[in-house]
Amino acid sequence: MTALITHSACLAHEMDSGHPECPERLSTVLRHLEQCGILDEIDIGEATPAQRTDLARVHAERYLDALERAVPGSGLVHVTPDTAMGPRSLDAAKAVAGAAVDGVRMVLEGEEQRAFCAVRPPGHHAEESAVMGFCFLNGIAVAAMAALEDDQVDRVAILDFDVHHGNGTVAAFMDNPAVLVCSSFQHPHYPYRYFDVDRGNIVNTPLPAGTRGIEFRKAVERDWLPALDSFRPQLILVSAGFDGHADDPLGDFLLKEDDFAWVTGLITDAANRHAEGRIVSVLEGGYDLDALARSVAVHLTVLGSRSSKT
């Protein structure tokens, strides 16, 4: 089965009026999944906010302390020019990381084979001691470190198909050969960091503005499949960013829902070959509300339909 994990705090995180990373991103996704009947076919759970011990495997203690001190009693404070924090923002970020950790524990304990974390804010830009690009805590990195604490797991793959490079995830693991990170992204484009890291466990796939589905598919197949088959991950984590959609305002790719269905199928096939089908996917970007909702729906549909178990 596939589980969907979310938390009400993710809807309470506010940014500036008109900001693309808005609560409606999540509420629109959840409403669409309900209207499509997808929520009737999967298990739904509430995330447990991440514990300090989980967060501290990725983020510096002084950074976590600084985030706690920055939380306002009311209103918004800007921690970077593009990222604001409100009274519930850190709760939301902890819920994101906690959802990812919950998903890992569910699949490793055999409760579910797949999990999708319908959460916000995104996390893959957050570095050890830096808020970046709407991201406070790197949930996917926290989940990978939690997985490696389990005796079943020596090798984790993180696959990131957001239009923006997963700089925080690459920075977290570029010197950790137990984690393979594959990231496809528009280049040159924000965040302009760690896109040229040269490590055996880091597979960067930069693609130009205007990339269409056929070019995206060829590049991902060329770069990711040999790395996955060589690495043989025991668990696959996904930074699922849908801002590569042709309708998205923050990227210049020309992908459609079929392309997200295709990359999800590639990931599930790899998981079935190497990881007993185990996948935990975490929502990252996607800022056109309708395109995001449709793309998440196809992602979840493929996750659920291509299980290795009958």
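The values are calculated or read from the model by the stated rules, or taken from the named source; none is laboratory data. Remember, predicted model here, so these are calculated numbers, not experimental data. Positions of Cβ are backbone-derived with ideal geometry, glycine not excepted, and every protein chain shown enters the neighbour counts. Quick note on the areas: whole protein, heavy atoms, side chains included, nothing else; ligands and nucleic acids left out. Shrake-Rupley method; radii C 1.70, N 1.55, O 1.52, S 1.80 Å.
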**Study point:** All-pairs alpha carbon distance profile, the range 152-310, 10 Å steps from 0, percent
**Key:** 12, 44, 36, 8, 0
Practice item. Give the carbon-plus-sulfur fraction of the accessible surface of the chain in %, rounded to a whole number; probe 1.4 Å, heavy atoms of protein chains only. Key: 48
Review point. Are there GluC sites (Glu not before Pro) in the range 80-183 that DSSP marks as loop and that have at most 10 other Cβ atoms within 10 Å, and which are they?
Key: Glu109
Exercise for review: For the range 240-310, go through all pairs of different Cα atoms, get the mean of 1/r, take its inverse, and jot down that Kirkwood value in Å.
Suggested key: 12.4
Practice item. Report ³J(HN,Hα) in whole Hz for each residue of the range 217-230, in order, from the Karplus equation J = 6.51 cos²θ - 1.76 cosθ + 1.60 where θ = phi - 60°; Gly and Pro get x. Key: 5, 4, 5, 5, 4, 5, 8, 7, 4, x, 5, 5, 5, 6
Check your understanding: Taking Cα centroids, how far is the range 211-279 from the range 33-112 in Å?
Key -> 23
Practice item. Collect residues whose amide H, placed 1.01 Å from N in the peptide plane, falls under 5 Å from the amide H of Asp160; neighbours closer than 5 in sequence don't count. Key: Cys182, Ser183, Ser184, Ser239
Study note, to complete from the structure: Length gained if Asp229 through Gln152 is fully extended, taking 0.36 nm per residue and subtracting the Cα-Cα distance, is 25.8 nm
Exercise for review: Take Glu34, project a point 7 Å from its Cα along the Cβ direction, then tell me which residues of the range 87-109 have their backbone nitrogen under 14 Å from it.
Suggested key: none
Review point. Using the Karplus equation 6.51 cos²θ - 1.76 cosθ + 1.60 (θ = phi - 60°), what ³J(HN,Hα) coupling, rounded to whole Hz, does each residue of the range 267-273 give in order, writing x for Gly and Pro?
Key: 5, 5, 4, 5, 5, 5, 6
Check your understanding: For the range 36-107, rounded, prolate or oblate, judged on the Cα gyration tensor with a ≥ b ≥ c (square roots of eigenvalues), a/c < 1.5 rounded, else prolate if a/b > b/c?
Key -> oblate
Exercise for review: Scan around His7 for amide H atoms under 5 Å from its own, H built in the peptide plane at 1.01 Å from N, and keep only partners 5 or more places away or cross-chain.
Suggested key: Ala47
Study note, to complete from the structure: With Cα springs under 10 Å, the Gaussian network model of the chain assigns the largest mean-square fluctuation among Thr268, Thr169, Thr211 to Thr211
Revision key, fill the gap. Among (1) 42, 23, 16; (2) 33, 23, 15; (3) 25, 21, 21, the value of semi-axes √(5λ) of the Cα gyration tensor in Å computed for this structure carries the label (3)
Exercise for review: Considering only protein heavy atoms, with the full assembly of protein chains and a 1.4 angstrom probe, order Phe195, Phe260 by accessible area, largest first.
Suggested key: Phe195, Phe260
Check your understanding: How much solvent-accessible surface does Arg232 expose, in Å² to the nearest 10, with a 1.4 Å probe and all protein chains in place?
Key -> 120
Point to revise | Hz values of 3J(HN,Hα) by residue in the range 121-130 - Karplus curve (6.51, -1.76, 1.60), Gly and Pro given as x | key: x, x, x, 6, 8, 5, 9, 3, 9, 8
Practice item. Taking only protein heavy atoms into account and a 1.4 Å probe, give the accessible area per residue of the range 126-265 in Å². Key: 35
**Study point:** Efficiency of FRET from Cβ geometry, Glu109 and Tyr192, R₀ 30 Å, rounded to 0.05
**Key:** 0.15
Practice item. May I ask you to derive the FRET efficiency for Ser17 and Glu276 from their Cβ-Cβ distance with R0 = 51 Å, giving the value to the nearest 0.05? Key: 0.65
